[in-house]
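First up is the structure itself, then whatever we jot down about it.
The values are calculated or read from the model by the stated rules, or taken from the named source; none is laboratory data. Quick caveat, the model's predicted, so the values are computed rather than measured. Cβ atoms come from the backbone with ideal geometry, glycine included; neighbour counts cover every protein chain shown. For accessibility, only protein heavy atoms count, side chains too; no ligands or nucleic acids. Shrake-Rupley method; radii C 1.70, N 1.55, O 1.52, S 1.80 Å.
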Amino acid sequence: MTFDKKTVVYQIYPKSYKDTTGNGIGDLPGIVEKLSYLAELGIDMIWLNPFYPSPQNDNGYDISDYQAVNPLFGTMADFEELVAKAKTYGISLMLDMVLNHCSTEHPWFQKALAGDPYYQDFFILRDHPTDWVSKFGGPAWAPFGDTGKYYLHLFDKTQADLNWRNPHVREELFKVVNFWRDKGVKGFRFDVINLIGKDQVLEDCPVNDGKPAYTDKPIVHDYLKMLNQASFGQDGDAVTVGEMSSTTIENCILYSKEDRHELSMTFNFHHLKVDYQDGQKWTLTDFDFDQLKNLFHTWGQEMNQAGGWNALFWNNHDQPRALNRFVDVKNFRNQGATMLAAAIHLSRGTPYIYMGEEIGMLDPDYQSMDDYVDVESLNAYQELLNQGKTSQEAFAIIKAKSRDNSRTPMQWDASPNAGFSSAHPWLKVGKTYQTINVQKEKAGKIFPFYKKLIALRKELAIISEGTYKSAYQEHNQVYAFERQLGGQKLLVLNNFFAQPTSLELSDDYQQGRVLISNYPDAKLTKTLILQPYQTLAILLD
Ligand code: TEU
């Protein structure tokens, strides 16, 4: 048995979804309160970002206890209630497993620091640091107490990398997954899981900040097989997704191919780097459509041919809102949001919706650095200044690229704090909440369109199971693909620009039926006109 290919996952950043206690921080009971909303949307699974005890230096990705609920978010009883109530709506939970590193406040690290050799072997300690750079800036090594040694931290210095070579570490981490399985959790999202395999001997690597030295090492596949066997692999219908940092198709095929018994699917980020200048995040430039289109086609086709499976997404808690990146939101927010949605929901793979995407939420439009809280943004701002940028230039980059862009409170209605909380929220609400909110958008264009896309995936096996092939690959405005299942075909056309365009439709598709479009009365003529940001899917039975 394998996972259900009709699954649609909805990601919730618990800190920002709904606050029921009036402390300005979202909580688990807040999610329970919104289950009927999620059921109306039609999603099957909720991925929750970490809600475990944590000093919150990286918003919960620095875990100090893997098997408890941070009181900020509620209690274990609240979590159990969430699982039980969600089940009555046919919704299951996907938890975030941050197994590459733990907080330096975790007892394992504390015991190691206190001199216990058993726990020292839980971490990656060396006499001499390598030249690797932390993903949050600065060196990837920090002094390990006053021992004269250094510990590895690929992220913040309070996030110490765990030593997966040590079988005791693996055993502890597998226990964590099983603890949550026992609570009825059916899905797992494994944070930066392709970084867990570090070599015994670590060496300098001047290329790309050291990434090749620790990314996608062959041993990761072995560890994933062990993890699978020791935990979720026993469930049969588990849904697992690995977050793969700077990965390759070859590896993602291996991670997600069913007969390999590793994971159900993989996230990769190549398509969200098409607006990076020279591969650098902290730059400003327009997105490169050809690059985006070619990436989608290469990944879509190669994963298809080799039996791999993609997680499909535009947004998450680490990304600025896709609408701000890919769409002229001033003039075409509705059209752009629905086109982006169709471009992944009708494709081959499992779609993920990030909270607020279904109502077309935008970046918050902050006016000052004081509004930002994310450690990565604060470090990057300093680095940009150090590089000689003016504060205005640096701010413009943070504003476009900060992870806080997507972490702002969910916009429920036009009341103060967007109906998210009765108190001042931990992160400032986005500027547009009075016009863009759930209450308004339910009767708008975007929410109903998402609902329809999700329903279509349930109705038509060609969407959940069909093959993927590129179409109109040379078109300079349209990202198009064709799905096929048995004798059925589905052509999906997406105009990624604010200008209309046209293409020649083949005779058979002229006889097809419009399955969905974000413009009314689409006519299937030989020369087909696509309006700004139009999406059009044509079914051939
Ligand atoms: O993100 C992994 C990761 O590589 C990100 O740091 C990403 O490169 C960056 O955010 C883009 O600028 C995961 C989590 O999703 C992220 O929230 C955590 O901070 C990180 O791991 C460490 O656990």
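What to note about this one:
- Cβ pairs under 8 Å, 6+ apart, first in segment 32-44 and among the charged types (D, E, K, R), second open to solvent by less than 40 Å² (accessible area, probe 1.4 Å): GLU33/LYS18; LYS34/TYR17; LYS34/LYS18; ASP44/THR7; ASP44/VAL8; ASP44/VAL9; ASP44/ILE91; ASP44/SER92
- Qualifying residue in segment 205-220 (condition: open to solvent by less than 10 Å² (accessible area, probe 1.4 Å), in a loop (DSSP other than H, G, I, E, B) and more than 19 Å from ASP65 (Cβ to Cβ)): yes
- Lone qualifier among ARG126, ARG170 - being away from the ligand (no atom under 16 Å from the Cβ), among the charged types (D, E, K, R) and open to solvent by 50 Å² or more (accessible area, probe 1.4 Å): ARG126
- Scanning segment 320-338 for residues that are within 24 Å of ILE397 (Cβ to Cβ), open to solvent by 40 Å² or more (accessible area, probe 1.4 Å) and touching a Phe, Trp or Tyr at 6+ places or on another chain (Cβ under 9 Å) gives a single hit, ASP328.
- Residues in segment 164-204 that are part of a loop (DSSP other than H, G, I, E, B), charged (D, E, K, R) and touching a residue at least 12 places away in the same chain (Cβ under 8 Å): 8 in all.
- Residue that is open to solvent by less than 30 Å² (accessible area, probe 1.4 Å), modelled with pLDDT of 95 or more, under 24 Å from GLN56 (Cβ atoms) and under 21 Å from the mean Cα position of the chain (by Cα), where the choices are ASN310, ASN315: ASN315
- Counting the residues of segment 352-372 that are outside any helix (DSSP H, G or I) and either open to solvent by 10 Å² or more (accessible area, probe 1.4 Å) or without any contact (Cβ under 8 Å) to a residue 60 or more places away in the chain (or both) gives 7.
- Residues in segment 241-264 include at least one that is more than 30 Å from ASP404 (Cβ to Cβ), within 21 Å of the chain's Cα centre (by Cα) and acidic (Asp, Glu).
- When segment 479-501 is filtered for residues that are among the hydroxyl-bearing types (Ser, Thr, Tyr) and touching a Leu at 6+ places or on another chain (Cβ under 6 Å), only THR501 remains.
- Condition check for GLN305: within 16 Å of the ligand (Cβ to nearest atom), closer than 25 Å to SER246 by Cβ, open to solvent by 10 Å² or more (accessible area, probe 1.4 Å) and not acidic (Asp, Glu): no
- Checking each residue in segment 324-356 for being out of contact with any Gly (no Cβ under 8 Å at 6 or more places or on another chain), more than 17 Å from LYS6 (Cβ to Cβ) and not small (Gly, Ala, Ser) picks out ASN324, ARG325, LYS330, ASN331, PHE332, GLN335, THR338, MET339, LEU340, TYR354, MET355.
- Number of the exception - LYS451 against (1) within 30 Å of THR298 (Cα to Cα); (2) surrounded by fewer than 21 Cβ atoms within 10 Å (Cβ to Cβ); (3) touching a Lys or Arg at 6+ places or on another chain (Cβ under 8 Å): (3)
- Segment 57-94, subset within 14 Å of the ligand (Cβ to nearest atom), surrounded by 20 or more Cβ atoms within 10 Å (Cβ to Cβ) and of a type outside the set (A, V, I, L, M, F, W, C), residue nearest to ALA238 (Cα to Cα): TYR66
- Members of segment 123-139 that are over 17 Å from ASP191 (Cα atoms) and either of a type in the set (Lys, Arg) or touching a strand residue (DSSP E or B) at 6+ places or on another chain (Cβ under 6 Å) (or both): PHE123, ILE124, LEU125, ARG126, PRO129
- Cβ-Cβ contacts under 7 Å between residues 6 or more apart (or on different chains), taken from a first residue in segment 103-114 that is farther than 18 Å from PHE51 by Cα and open to solvent by 20 Å² or more (accessible area, probe 1.4 Å) to a second residue that is of a type outside the set (A, V, I, L, M) and not in a loop (DSSP other than H, G, I, E, B), are listed as TRP108/CYS102; TRP108/TYR119; LYS111/TYR119.
- The residue of segment 277-302 that is farthest from the ligand (Cβ to nearest atom), among those that are surrounded by 13 or more Cβ atoms within 10 Å (Cβ to Cβ) and of a type in the set (Ser, Thr, Tyr), is THR298.
- For ASP121, the criteria (1) acidic (Asp, Glu); (2) over 28 Å from the mean Cα position of the chain (by Cα); (3) open to solvent by less than 20 Å² (accessible area, probe 1.4 Å) hold in every case but one, which is (3).
- Output for segment 523-541, where each listed residue is touching a Leu at 6+ places or on another chain (Cβ under 8 Å) and free of Cβ contacts under 8 Å to residues at least 60 places away in the same chain: LEU524, THR525, LYS526, THR527, LEU528, LEU530, LEU536, ILE538, LEU540
- Taking the criterion of being in a loop (DSSP other than H, G, I, E, B) and open to solvent by 30 Å² or more (accessible area, probe 1.4 Å), the only residue of segment 36-52 that qualifies is ASP44.
- Filter result for ARG189 (of a type outside the set (S, T, N, Q) and within 16 Å of the ligand (Cβ to nearest atom)): yes
- In segment 388-408 there is no residue that is within 30 Å of ALA455 (Cβ to Cβ), away from the ligand (no atom under 16 Å from the Cβ), open to solvent by 40 Å² or more (accessible area, probe 1.4 Å) and not acidic (Asp, Glu).
- Only a single item in (1) open to solvent by 10 Å² or more (accessible area, probe 1.4 Å); (2) more than 16 Å from the ligand (Cβ to nearest atom) is not met by GLU376, and it is number (2).
- A single member of TYR52, TYR119, TYR61 is in contact with an Asp or Glu (Cβ under 7 Å, 6 or more places away or on another chain) and without any contact (Cβ under 8 Å) to a residue 24 or more places away in the chain, and it is TYR52.
- Note on segment 53-97: among residues that are assigned to a helix (DSSP H, G or I) and of a type in the set (Gly, Ala, Ser), the one that is farthest from the chain's Cα centre (by Cα) is ALA77.
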